[in-house]
Every structure is written in structure tokens, then in C-alpha cells.
Amino acid sequence: MGADSSQSSQTEALESFVDLFFDPQHNAAGKHPNWCAQFRNNALQAKRAPVVLPRLWGTTDESAYYVIARRPSEAGVVRELLVAFAGPSLVKVGYDVPLVLQRGDVIEAAIAAHFGTSSTFKLRAPREKRTDLHAALTRMLRLVENSPQRAWSAPKPLGRLLTDFEAALVGGASQVAADLLDQIGRQGGLSVANLKHLQIKRLAVMGQAVELLALPGLREVLLQDPPQAVKDMVLSAIHATCIEPALAENAVEEACAALARPWVPIAVLAEENPVRFSDSAAVTLLIGLLARGQQTELAEAIAALDAAQRSTAVPALLDRYRVVIARAAPTEADVAGTGGADAAVEAWRPATWEELLASVADGDKAALRFCRDMEVDGTSELPLASDTAIDAALADLLSSLGDAGYESVWRYALSPFLQAVSRGGLSLPLTLAQITASSIGQRRDPANLAVLDLLLELFLRTSPSAEDYDEFLEHLTMRVQEWVASETASQALDFVDRLAAFATPDDETRAQAALELLTPLYRHAQRLDEACLASARSLTHELGLDLDWPVRQQTDSDEEPVAIGPTQVLVYGMDTGVLERVQQWMVQRYPQVKVSLSADKVGSGQLREVARHADFSVLITQCATHAATNFISQHAQAVVYPKGAGSVSVVRAIVDELHHRARSSQLAASARVAGGRLRGR
């Protein structure tokens, strides 16, 4: 009886949603019930096919199809379907990235309430292709609902999925990481607590502090004493949402009071040593001590941070609690804690990266924990220098690893290692080339492409010799025919853009590699959108290549152009070269758009003001710190995540968002005009 009642309630809720969607007051498609019948019936009766609902704006010639995953875990599946059936042949944008639903729109607010905020794709086709799009979506629904049950992703071992997840995060492919997380959850094999740890990490990397603290089951996870890195991410999220806004107004009391909010998980505030955490997490712990009236413990914690040469982590507003404590400064054992075997694991510290990578390859528990803790900002990093002997030793070690050992290194140590190389500006060409060579046998899926992009950027920084340059680019371009296509155009153009941005020891080798990446796109140039075509033309000219890209003329089959008005955009990322190229590209083509750049690792008053005044912010999460991404997300009006970390992907994300906003404004203005006419009658 209970199950039947629940099923009936869900059916009624879905029927109410569909009725609202087709209400003629909000959607002119509701005036044509016969035309909408097949989509209505599919939404209410289908079990496996996604929900597809058409929308018309009666005051304009605009139309769109909302394609909605029935369950959040199926968003990745829906994306694959839309790539196969609609984009980019019929639809240029919207088919591969979930829509940011507008709460001020009645229909989109209803979608968010019923299906979640990351479940929906919005498809628009040029006027002459709307009939084709209608037929393609109808065919998709019929085939999905009636075809035999299938798995929508190739089966992979759990370890491979976890490795790809880490790769996607370090490479800045946040949406890919979300899809992998869904696949991990469906496949099983991971405890509920460990799955939550991965969800926390993804949200922290993306700077979604509010969503992190609202994660179902978070309190239970924290009561199970999770790894230090997980605690740090939660504490940093509390800092971004509760502490930082109050301290910015010099309101310590308000910061203390904010910790009493019902959605703040106070379990993570108890009995933790601030020295072991990042600056933002340490501040949260200090405020927690103050809120509980533990002023003696607060003074001791401040003294411990001072002794660890981290005085800058203490807010100036807490200076009055900085007193001389009549006890010895904390020892390494104090920092690590006590507890027998576990304490020994925590206290273990390798002397070199070579020792750490070898221990990780052997599956050593202490080494794996050390890698996890290294991802916490503020912890001391292993020494790593641009030394030829160190580079050769690391490359030799990686080349000697078996499949299992290399898989372990890729999963646990790749992220902290590449971040150390990136932030230190180090030159380790042999090691980077070996990592790239070892990835040749792997499928060039989005996660591995994201890491390959980072490896290319780090390698080109090293000013390699002509021989090393030729060998690396040979690895880079191997099997390009398997992955370069219109739907991966941005990633391929990112690679070419990086080649053009750095000096080369061999012009001919660079030109050949660029041609190998561009030729598959050139064959299908008619399927590329104008942003990718413009980038391809610019790069072809810069590198002196013999490719004559077509210039798309405005025709009746194209969407009507929209006017992009004055806009302010903040672009955040750790690669200043990418940021500068994005700004140059935007200045040349959209001079009315002001682009501000930031590569700060932590928040500041200036960054706060820029984020607040920007119409939207673009976050490149590749090697980013969760302190900075959390900070920006808290103050930004809206946040956009590009598909890749290269300049072409970032520019495309900006241009897509500009056009989306312009069209939304155009529709709103048309609706206001139409409403005024009706009232005038």
C-alpha cells in the first residue's frame, strides 16, 4: 500500500509539472495540443527515455526543446544521446552542457524543483532545421524507449573510474568528473562514505561551497572521522559561506553566530589542530574556538600557527588573543596526533618525490594518505626542483612501473605532483614526456584529454630541445583520428593554441603537429560553430598553415544574430598565459565586453569587488585551489565552467554565455512589449 501510494504521488506530481509546462500563459506551445501530444505522452508514460518538452514564445519566432534527465544520475546519458541525435549538425550549442536554470522563469524554476538543477539541456535550432530537430528528437525517444536495455558507458574497473575522476578534476573537466561520479555510483563497489568523499572533493574544486554544505549525509560522513583533506574542504566551505563575509565587515560576533546556523556541520569544528589545515580552514577552527568561549585553547592555537610560521593565517581581528603561551611549541608528533599505528602512518614523510612515487606504486598506506593530505593548501610540500638528475630519476622510475603501479600513481599522486610542477614553474621535460607516453594506450576520453592538455602546457614551459619536442608531439598526436571531431573541437583547438603560444625549437615539427590536430576538423568545418571557426582561422594564420577555412555567411538557416551589450566578465585560473590569450581574443572580437583576470590562490578584497560587479565569472578549475574557487563563487552573480582549461574552451564558454544572456534579454523584452500591447487594448 505504501509503495502504491508513493508511486501515485510521483505520477500526480509529474502530471502537475507537465500541465504547468504546457500552460499557454507561460508556453505558447500549449495552444497546439495535438502537436505537443507525443511529447506529453512520452513525458508521462515512458520509463527509460528522457523527458522532451517543446516551448514556444508567442511574441517572437523563438522556440526551444527542453531535454530533461528523469534522474540526476542520467544527465551524462542524455548528453551522449543529444550528441548522437542532434549536435552539432542540427544544434550548435546547448546539447553538451546542462542548462543553468533561471529561477525567475516559471517553467525553468518548475524544472529545477522537480528534476534538479543539473538535469536539463536546452536545444535551439535555426529556423530551417527546426523540422529536422523535431524529427530527430522524436526518433530518439522512440528508439531509446523501445530498444533493448543497455549500459550507456563501457564497463570499466572501479579503479580505472576513480583514476579518471581524479584526472578530470586536475585537468579542469568538472562536468566530466560529474559524469564519472554518476557512473561510479551506478556501478557500485565503493562505500557510501567514500562516495561522499568524492562528491565533496568535486564540489570543493568547483567552488560550490553552498552545495557542499547542503550535501545529504554530510553530517554522518563527518562523524566517521574522514581523511584530513575532506575535513579541510568542509572547513573551507564553512569559511566561504559563514566566516569570510562576516570578517570582511569586521564583525567577529557575526562570524561566531554564523556557526550556529542549522546547516553548518559543527562536528568538524571539534578537537582539530589548525596547523594541519589550510589557511581558510584554520580560520574556521579559530572562530569555532572563539564561539565556544575557549579563549585559552584559541590562544594556544594561534601560538601553534605562529610557531609553524603561519602567522598570516590568523585574521587581524583575532590579534588580541595572541598571547605568549607558557608551554613548548608543538612538535611534529603533536601536529600528527597520537594513536599507535595510525599515528605512525600519519607521521610518515618521504624525503623526495621519487621515494613517494615508489611507495605509492607499491600501494603503501602511509604514502597514499600523504598524497591525500598534500592536496590540502597550507601543508608543506616535498622539495622539487628543475634539476636534470631529479628529472631523469623520476622518468626512469615511471618507465619501470607495471600497469598496477602506474595506475596507483596516476590515481593518487598525479594530481599533487602536477600541481607542484605547475605552481613551482618547474622544468621536468623527461618526466612529463614519460607520463604522456604512458598514457598512449589509454582511451582518449574527456578525462584523459584534460590531463593531456595540462601535460602539454607544462612541457612547453620547459623550453625543450628539438629532439624532446619532436618525441613529445609524436605522443600527443598519436591516434588523433580516434578523438578529434566536431564535439571535441574546443579541446583540439586548445592543443593547437598552446603550440602557437610557446616558442618552438622546430617550426616544421610544430606545423606538422598542428596540421594533424586540425585536419579532422577541417574535413567537417561545416559542423563547427562560428567561435571554433574563428579560432581555427586565427591559429591557422598564426602558424602559417595551408588550410582555407570557410567563412560562414548569415543565411536563413542560421539563428538570428543577437546584440551583445556592455558586459563585465571575471575569468579565474592558475595559468596566466591562458588568461591573457582569452583577454586578447575577447578585446579583438568583443570590445564591449570587459574581461578581468585573476590567478589568486586565496580571496582578497579586490577579488571580492571584481566578482561582485562581474555579470558572470568563469572558473578554470585546472590546478585551482578550493579556497579561491569557493571565495569567487560566494561573491559572483553567476558562475560558468568551461569544458576545458585552454583558451579556446574558455572563450567558447564566454561567448556561449553572452549569447544565451542576450537571447534571454531579447525574449524578456519582447514579452514586455507584447504584454504592454495587450494591456493597451
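What follows draws every value from the coordinates through simple rules; no lab data is involved. These figures come from a predicted structure and were not determined experimentally. Counting neighbours? That spans all protein chains shown, and the Cβs are built from the backbone with ideal geometry, glycine included.
When only C-alpha pairs under 8 Å and at least 6 residues apart count, what is the relative contact order of the chain, in percent?
13 percent
Compute the Rg/Rh shape ratio of the stretch 458-612: radius of gyration over Kirkwood radius, all on alpha-carbon atoms.
Result for the stretch 458-612 is an Rg/Rh of 1.01.
Placing unit charges on C-beta atoms (Lys and Arg positive, Asp and Glu negative, everything else neutral), compute the dipole magnitude of the chain about its Cα centre in debye, rounded to 20.
2840 debye
Tabulate in residue order the Karplus-calculated ³J(HN,Hα) for the stretch 418-427, using 6.51 cos²θ - 1.76 cosθ + 1.60 with θ = phi - 60°, rounded to whole Hz; enter x for Gly and Pro.
Calculated HN-Hα couplings, in order: 5, 5, 5, 5, 5, 6, x, x, 8, 10 Hz.
What's the exposure ranking of Glu471, Glu272, going from fewest to most Cβ atoms within 10 Å?
Ranking Glu471, Glu272 by Cβ neighbours within 10 Å, fewest first, gives Glu471, Glu272.
Count the net charge of all other residues whose Cβ sits under 14 Å from the Cβ of Ser16, scoring Lys and Arg as +1 and Asp and Glu as -1.
-3
How would you rank Thr431, Thr138, going from fewest to most other Cβ atoms within 10 Å of each one's own Cβ?
Going from sparsest to densest Cβ surroundings: Thr138, Thr431.
DSSP beta bridges in the chain, what fraction antiparallel, as a percent rounded to 5?
45 percent
Any idea what the dipole of the stretch 478-553 comes to, in debye rounded to 20, about its Cα centre with Lys/Arg Cβ at +1 and Asp/Glu Cβ at -1?
200 debye
With a sphere of radius 13 Å drawn around the Cβ of Ala136, what net charge do the other residues whose Cβ falls strictly inside it have (Lys, Arg +1; Asp, Glu -1)?
Net of charged neighbours comes to +3.
Amide H neighbours of Val593 under 5 Å, counting only residues 5+ apart in sequence or on other chains, H built in-plane at 1.01 Å?
Thr567
Using the reciprocal of the averaged 1/r over all distinct C-alpha pairs, how large is the Kirkwood radius of the chain in Å?
27.1 Å
With viscosity set to 0.692 mPa s and temperature to 37 °C, compute the Stokes-Einstein D of the stretch 191-336, Rh being the Kirkwood radius across alpha carbon pairs; µm²/s, no decimals.
211 µm²/s
Report relative contact order for the stretch 54-147 in percent, whole number only (criteria: Cα-Cα under 8 Å, sequence separation at least 6).
Here the relative contact order equals 32 percent.
Before rounding to the nearest 500, sum -39500 (n - 2.57) across all DSSP H runs of length at least 4 in the chain and divide by the residue total; then give [θ] at 222 nm in deg cm²/dmol.
The helix-only estimate for the chain comes to -17500 deg cm²/dmol at 222 nm.
Which one of Ala514, Ala531, Ala501 has its Cα pushed farthest toward the positive end of the charge dipole of the stretch 478-553, where Lys and Arg give +1 and Asp and Glu give -1 at the Cβ?
The residue sitting farthest along the positive end of the dipole is Ala531.
Hey, which lysines would be in cross-link range of Lys31, C-alpha to C-alpha under 25 Å, not counting anything within fewer than 8 residues on its own chain?
Within the straight-line limit of under 25 Å, Lys31 reaches these lysines: Lys122, Lys129.
Taking θ as phi - 60°, what are the ³J(HN,Hα) couplings along the stretch 599-615 by the Karplus curve (6.51, -1.76, 1.60), each to the nearest whole Hz, with x for Gly and Pro?
10, 5, 7, 9, x, 8, x, 5, 5, 4, 5, 5, 5, 5, 8, 6, 5
Post the alpha-carbon centroid distance, the stretch 39-77 to the stretch 175-190, in whole angstrom.
Computed from Cα coordinates, the inter-centre distance equals 24 Å.
Rank Gly603, Leu454, Ile184 by how far each Cα sits towards the positive end of the charge dipole of the chain (+1 on Lys, Arg Cβ; -1 on Asp, Glu Cβ) and give me just the farthest.
My answer, from the dipole projection, is Ile184.
Fewest first, what order do Glu12, Glu211 take by the number of other Cβ atoms within 10 Å?
Glu12, Glu211
Between Arg261 and Val551, what length in nm is gained on full extension when 0.36 nm per residue of separation is reduced by their alpha carbon distance?
The span from Arg261 to Val551 would gain 98.8 nm if fully extended.
For the stretch 44-124, just say rounded, prolate or oblate: build the C-alpha gyration tensor, square-root its eigenvalues into a ≥ b ≥ c, call rounded for a/c under 1.5, and beyond that prolate if a/b exceeds b/c, oblate if not.
oblate
Which Cα, out of Ala251, Ala316, Gly207, lies furthest along the positive dipole direction of the stretch 191-336 (beta carbon charges, K/R +1, D/E -1)?
Checking the options against the dipole of the stretch 191-336, the answer is Gly207.
Residue by residue through the stretch 187-194, which ³J(HN,Hα) values in whole Hz follow from phi under the Karplus form 6.51 cos²θ - 1.76 cosθ + 1.60 (θ = phi - 60°), with glycine and proline marked x?
6, x, x, 10, 5, 4, 5, 5
Could you size up the charge dipole of the stretch 477-612 around its Cα centre, putting +1 on the beta carbon of Lys and Arg and -1 on that of Asp and Glu, and report it in debye to the nearest 20?
The calculated dipole for the stretch 477-612 is roughly 500 debye.
Going down the table (Lys92/Lys196; Lys231/Lys601; Lys201/Lys594), which pairs top 28 Å between alpha carbons?
Exceeds cut-off: Lys92/Lys196; Lys201/Lys594.
List the relative contact order of the stretch 191-336 as a percent without decimals, with contacts defined as Cα pairs under 8 Å and 6+ residues apart.
Relative contact order here is 20 percent.
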